[in-house]
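A short write-up of the structure that comes next.
Just so you know, all these numbers are worked out from the coordinates, no wet-lab data involved. What you see is a predicted model, and the numbers here were worked out from it, not measured in a lab. Virtual Cβ from ideal backbone geometry, glycine too; neighbours counted across all protein chains shown.
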Amino acid sequence: MKPSKAWVIIVSVILLLVGIRMSIGQGMARAYVERVDQSVEVKANDKHGASTEKWTEWHSVAPKKFEAAQMADQSQTKIVFSLANTIGLWLAAFFTLAIFSFLYRDNPGYRLAEAVIIGVSAAYWGVVGFWDTLVPKLFGALTPTLVHDQVLPSLPAPSIGQVVAMYFALALGLMLLMRLAPKGGWISLWPIAFIIGVTAGLKIVSHVESDLVAQSVATFKPLVQPVVGAEGGWMLWPTIWASLKNILLVVGVLCCLTYFFFSVEHKGVAGRAARIGIMYLMITFGAAFGFTVMGRVALLAARIEFLFDDWLWLIDPAGKRIVEVATAAGSMLCWW
Amino acid sequence: MKRLVPMWIAIIAGFVMLLSAFFPITESLGETVGDVFNVVAAIAFILGAGSLAKVNLAKISRRDQGWGYAAITLICFAITLVVGLGKIGVPPNTQFPLLAWSGEKNADGSIFGWIYEFALVPITSTMFALLAFYVASAAFRAFRAKNLEAILLLSTAFIILLGRTFAGVVLTGWLPDWASGLRLENLSVYIMQVFNTAGNRAIIIGIALGVTATSLRILLGVDRSWMGSGD
């Protein structure tokens, strides 16, 4: 079968199933929002007089809340259908299916989702950097009045040292941007040098403190670990078990370190220790593999739950809707 | 000059951070250098954005294959940037209602929050979920119990996977109490506490030694490879 034909069949089947689902029971994929009217009294100060500021916020709510409100009062306008969030739900479902479609083969839907995520994520982290770092630290020091009056009134006034440091940071930042210029790109090496130097200085301290020293200290375990019973005497089997645990741990760490120690040829005692070290490392990699698979499967389950719960309304594990979901699922199965 | 100045910048910045951990008097200096680092890193996002725009605009102007996707990338980038920087649709903070930009950037109801919830989260989490299939497929093709090491790796992965699921509990639930240590859920805990801890600990100690040695080489000016080979 030609790929284009296969795609026509796949998309048609999905559209048919979605169409059927939409016409059964409660329908599917609708989002609701609750109107929250905010009213805040503002006290007078030297810049403005006393006033009452009012605005409306819209918060997402479960369909159950909308249904309950409709049952109580048909004409209520507090909880309403949200077109924007409903479009968002459909878009999220489309993106989910588009990414999953890559399992069959590369296709325009997948490439579209890929293009979207590149643009969105680049801008997202840029915006996060702007509001979380540049505004409070850089602009907060260089234009404190503007930041104080428009964004963060609780920001303390910067010290002279902070202002000088931020001018230095701005200069380094501008040097970094010179990389995009056709000439003078070499100056961007200065801020990179600063980043490398700071990272190196930080990493020495953090790795020695929390990894090298802490992990070494944690390895110094008693090779005989007495487990004392209620009567004050040693309990034989728990003591053997706890001691064995410590012995295996200490031996394991030493053997693995021997394997990583390449200044000595892995022969004789060192060779045997390195071999035991390899066994330990294989078990470690196996455990890491198992955890990776579990993590990915958990994510997969979450995406499938999104499709079946939030989008198709076929399951309802969190009890977001009032009507029995089994009715909708049952009707669909019967029709099928 | 082009190599000497960067080398000294790296050395001074690195030693300031190093000394701030040992001398309380330089602690605030270390914090300030840390702030400068964060600001330079945030400005680096602008460099990234510029680079993204440059690459994609070149693709569009040359009408390369798939230039339409480059256009979509740029459009999505521009929209997200504008609504995020402008905090469009963000309600003001209830503590400071007169300040239009005081609200949280991805608050409920904002366009930036909408993009995060309905585009960024679904796509990234589905991409990671997709790896479940590829990990399984790669494991099926590559994992062969040919020798003792491979058997250890495979069996550990199975024990860990089964030990953390209901199936594992059911499979070995029949074992009597005196052999309860062999039940998959207990076995997986034992593996994690002893063998996995030992292996990981050695790896962490090795990494710490490597990072410390590399950092020291940079701070002492011995390693200059990060400057590249250009003049």
Subject >> chain A: relative contact order in percent, alpha carbon pairs under 8 Å with at least 6 residues between >> reply: 17 percent
**OP:** Rounded to the nearest 10 degrees, what's the angle between the helix B:121-142 long axis and the longest principal axis of chain B, both from Cα atoms, 0 to 90?
**Re:** 40 degrees
Subject >> Selection from B:Thr32, A:Phe130, A:Gly295 lying farthest towards where the dipole of the protein assembly as shown points positive, charges on Cβ >> reply: A:Gly295
Original post:
Residue-wise, which Karplus ³J(HN,Hα) couplings in Hz belong to the range A:234-246, taking 6.51 cos²θ - 1.76 cosθ + 1.60, θ = phi - 60°, and x for glycine or proline?
Top reply: 6, 8, 4, 5, x, 5, 4, 4, 5, 5, 4, 4, 5
**OP:** Report, by chain and number, residues whose modeled amide H sits under 5 Å from the one on A:Ser60, excluding near sequence neighbours (fewer than 5 apart, same chain).
**Re:** A:Glu34
Subject >> Gain upon complete extension [A:Leu244, A:Ala72; 0.36 nm per residue less C-alpha separation] >> reply: 55.3 nm
**OP:** Using only the Cα atoms of chain A, build the gyration tensor, take square roots of its eigenvalues as a ≥ b ≥ c, and label the shape rounded, prolate or oblate: rounded if a/c is under 1.5, else prolate if a/b is larger than b/c, else oblate.
**Re:** oblate
**OP:** For each pair in A:Lys43/B:Lys105; A:Lys137/B:Lys87; A:Lys183/A:Lys203; A:Lys183/B:Lys105, compute the distance between the two Cα atoms and list the pairs where it is over 27 Å.
**Re:** A:Lys183/A:Lys203; A:Lys183/B:Lys105
Subject >> A:Leu15 versus A:Gln225: modelled label distance in nm, points set 7 Å from Cα along the beta carbon direction >> reply: 6.3 nm
Original post:
If you count, for every residue in A:159-166, the Cβ atoms of partner chains within 10 Å of its Cβ, what is the mean?
Top reply: 3
Original post:
Taking the Cβ of A:Arg303 as the center, what net charge do the other residues with Cβ under 12 Å away carry, scoring Lys and Arg +1 and Asp and Glu -1?
Top reply: -2
**OP:** Go ahead and set up a Gaussian network model of chain B, Cα springs under 10 Å, then flag whichever of B:Lys146, B:Lys87, B:Lys54 fluctuates most.
**Re:** B:Lys146
Original post:
Dipole of the range A:35-124, Cα-centred, from +1 at each Lys and Arg C-beta and -1 at each Asp and Glu C-beta, to the nearest 20 debye?
Top reply: 120 debye
Subject >> Selection from A:Ser51, A:Ala92, A:Ala69 lying farthest towards where the dipole of the range A:1-141 points positive, charges on Cβ >> reply: A:Ala92
**OP:** Show which aspartates and glutamates lie in cross-link reach of B:Lys146 when reach means a straight Cα distance below 19 angstrom and same-chain residues fewer than eight apart are skipped.
**Re:** none
Subject >> Residue-averaged 222 nm ellipticity for chain A, from DSSP H runs of 4+ at -39500 (n - 2.57), nearest 500 >> reply: -19500 deg cm²/dmol
**OP:** Could you tell me whether the protein assembly as shown comes out rounded, prolate or oblate from its Cα gyration tensor? Rule is a ≥ b ≥ c as square roots of the eigenvalues, rounded for a/c under 1.5, then prolate if a/b exceeds b/c, otherwise oblate.
**Re:** oblate
Subject >> Spatially proximal lysines relative to A:Lys65 (Cα-Cα < 21 Å; intrachain offsets below 8 disregarded) >> reply: A:Lys78, A:Lys320
Original post:
What average number of partner chain Cβ atoms lie no more than 10 Å from the Cβ of the residues making up B:15-21?
Top reply: 5
Subject >> Net dipole in debye of the range B:143-231 [+1 Lys, Arg Cβ; -1 Asp, Glu Cβ; about Cα centre; nearest 20] >> reply: 100 debye
Original post:
³J(HN,Hα) across the range A:253-261 via Karplus (A = 6.51, B = -1.76, C = 1.60, θ = phi - 60°), whole Hz, x for Gly/Pro?
Top reply: 4, 5, 5, 5, 5, 5, 4, 7, 8
Original post:
Which value in nm describes the separation of the simple spin-label points at B:Phe22 and B:Thr165, placed 7 Å from the Cα toward the beta carbon?
Top reply: 5.3 nm
Subject >> Selected from A:Lys65, A:Lys183, A:Lys221 as most flexible by GNM, with chain A as the system and alpha-carbon contacts under 10 Å >> reply: A:Lys183
**OP:** Starting from the amide H of A:Val42, placed 1.01 Å from N in the peptide plane, find each other amide H under 5 Å away whose residue is 5 or more places distant or on another chain.
**Re:** A:Ser51, A:Thr52, A:Glu53
**OP:** Rank B:Trp174, B:Trp114, B:Trp67 by mean-square fluctuation in a GNM of chain B with C-alpha springs under 10 angstrom and give only the top-ranked residue.
**Re:** B:Trp174
Subject >> For the range B:38-44, Karplus couplings with θ = phi - 60° (6.51, -1.76, 1.60), whole Hz, Gly/Pro x >> reply: 4, 5, 4, 5, 5, 5, 4
